[in-house]
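What follows is calculated from the coordinates using simple rules that are stated; it is not laboratory data. Keep in mind it's a predicted model, so treat the numbers as computed, not measured. Every residue, glycine among them, receives a Cβ derived from its backbone with ideal geometry; neighbour counts consider all protein chains shown.
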């Protein structure tokens, strides 16, 4: 079973992103579940959401305490809580930022992990460009599909299908374009990391 934890703030689509990932997993003929953990339900409050993906039925409904992957939709949370708690040593981290881990004060953390599993993607900027709204969920999922490509977990086509199932018209098209752009961005980063390894 592959476990994903999402961190963000109310209004950023953190819960929707987890649901879209589960929907994409179903399209890949996998079992999946997604559910949120709310603190105070208000715009801007920290929100955590979870998604599990497996080849067998998933029976547990506990929060994800030892994630295989972290999707951090709001970098302002980085120094307010231990977002990396429980992350497996070979886990993936995708961070919504135009700045690198060192620039964000996470150089020591990054040095202890594989460079091809810790990447940033400017998801909010991509959402603004393609959707016109600062909703990073869809581009984070596009980036996640690229980042975990070696796991053969979720393909970009499944992510795009989940988006067009959930949304309609210009909203679907904008989210899909942002997801595609994030996939390409992360793919480019992975190629650069591999060349420097």
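Can you tell me, using C-alpha contacts under 8 Å and at least 6 residues apart, the relative contact order of the chain as a whole percent?
Details: 405 pairs, mean separation 40.5, N = 197.
Contact order relative to length: 21 percent.
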- prompt: Which entry in [x] 16.4; [y] 17.4; [z] 18.0 is this structure's computed Kirkwood radius over Cα pairs in Å?
  reply: [x]
Length gained when the stretch residue 28-residue 116 is fully extended (0.36 nm per residue, less Cα-Cα span): 29.3 nm
- request: Using a 10 Å cut-off on Cβ atoms, rank the peptides 44-56, 25-37 from the highest mean neighbour count down.
  value: 44-56, 25-37
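Ranked highest first by the average count of other Cβ atoms within 10 Å around their residues, in what order do 165-176, 128-139 fall?
128-139, 165-176
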query: Considering only DSSP beta bridges with both partners in region 2-196, what is the antiparallel share in %, to the nearest 5?
result: 55 percent
- line: Fewest to most Cβ atoms within 10 Å: 113, 7 sort as 113, 7
Order of 95, 104, 153 - criterion: other Cβ atoms within 10 Å of each residue's Cβ, fewest first: 104, 153, 95
Helix-derived mean residue ellipticity, 222 nm - over the chain, DSSP H n ≥ 4, -39500 (n - 2.57), to 500: -12500 deg cm²/dmol
field: For 1, 43, 140, order by how many other beta-carbon atoms lie within 10 Å, fewest first
entry: 43, 1, 140
field: Nitroxide proxy distance, nm - points 7 Å out along Cα→Cβ at residue 77 and residue 165
entry: 2.4 nm
query: Alpha carbon centre of region 1-78 versus region 153-192: separation in Å?
result: 17 Å
query: What share of the DSSP beta bridges in region 1-101 is antiparallel, in percent to the nearest 5?
result: 65 percent
message: Using a 7 Å offset from the Cα along the Cα-to-Cβ direction at both residue 99 and residue 60, what is the distance between the two label points in nm, to one decimal?
response: 3.5 nm
